[in-house]
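Dumping the structure here so I can ask a few things about it.
The values are calculated or read from the model by the stated rules, or taken from the named source; none is laboratory data. It should be emphasised that the depicted structure is a prediction, and the values quoted were computed from it without experimental measurement. Every residue, glycine among them, receives a Cβ derived from its backbone with ideal geometry; neighbour counts consider all protein chains shown.
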Amino acid sequence: MALSIKEAQKQGLLSAQKAKSLRAEMDVQAKKITQRLSLAAGAALFPNQAKGKSGEDPQRKIFDALEKAYPGIAMWEVEGLVPGRKYRCDIYLPESRVVVEMDGYGPHRSKEQFQSDRVKRNLLASTGYIVLAYYYAQVKNDIDGVIAQILATHNLYRPFMTELFKAQLAASVIELSN
């Protein structure tokens with residue numbers, strides 16, 4: 001039989017101090033579980049993520065707006081787009097190969113991090129990805145414009161990428177049959 005902390009205290013099984021200690025421990029565990037669930041749901045809590053003074057996450061704002069407009073169009077924080085590299089892309093639209101990246105002072109606290117980000121973007125572009133970069137004020141002040149630009153780019157490149165994929169698939173099938 002399970003008892004609540006309150007019930008155990010009423011029955012004299014717990015002192016007031018022990019009950020208070022257990023409640024505090026349960027609060028800590030609940031916060032840890034909530035963080036794990038947030039991570040599993042894609043609401044990653046990265047300490048270096050660019051956020052405004054309000055604590056608002058511009059990356060999440062973009063992703064949520066895309067999901068609201070077209071559910072399933074985007075993927076959150078994808079790794080492995082470039083074979084052999086462990087780059088993490090903020091938002092990825094696979095049908096068009098559009099990568100959305102957030103710029104900000106938080107993620108680029110050093111010259112090396114800033115330079116590494118440029119290398120990543122150039123490598124993504126040179127391997128066929130379309131990289132769009134936004135900064136906090138853009139998202140905060142013009143989310144509709146940001147979303148419109150992402151969707152326009154997606155719609156522009158999606159037919160081309162679909163045909164390219166079909167051609168690559170056909171070539172692979174022919175190569176396998178020989």
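Kindly establish whether residue 85 is basic (Lys, Arg) and surrounded by 15 or more Cβ atoms within 10 Å (Cβ to Cβ).
Working: basic (Lys, Arg): yes; surrounded by 15 or more Cβ atoms within 10 Å (Cβ to Cβ): no.
When the stated conditions are applied, residue 85 does not pass them.
Can you list the helices (runs of 4 or more DSSP H) lying wholly within region 85-178 that have 3 or more residues being at pLDDT below 95 and under 17 Å from residue 75 (Cβ atoms)?
Details: elements: 111-126, 136-141, 143-177.
Passing ranges, in order: 143-177.
Of the residues 125, 65, which is under 18 Å from residue 153 (Cα atoms), of a type in the set (A, V, I, L, M, F, W, C) and free of Cβ contacts under 8 Å to residues at least 12 places away in the same chain? Full working, then the answer.
Values: 65 fails: free of Cβ contacts under 8 Å to residues at least 12 places away in the same chain.
Matching residue, one of 125, 65: 125.
Please identify the pairs in which a residue from region 136-163 that is of a type in the set (Asp, Glu) has its Cβ atom under 9 Å from the Cβ atom of a residue that is crowded, with 16+ Cβ neighbours inside 10 Å, counting only partners at least 6 apart or on another chain.
If the second residue must be crowded, with 16+ Cβ neighbours inside 10 Å, the pairs left are 144/65.
Going through 57, 64 one at a time, which residue ends up being at pLDDT 85 or above and over 17 Å from residue 133 (Cβ atoms)?
Values: 57 fails: over 17 Å from residue 133 (Cβ atoms).
Going through 57, 64 in turn, the sole match is 64.
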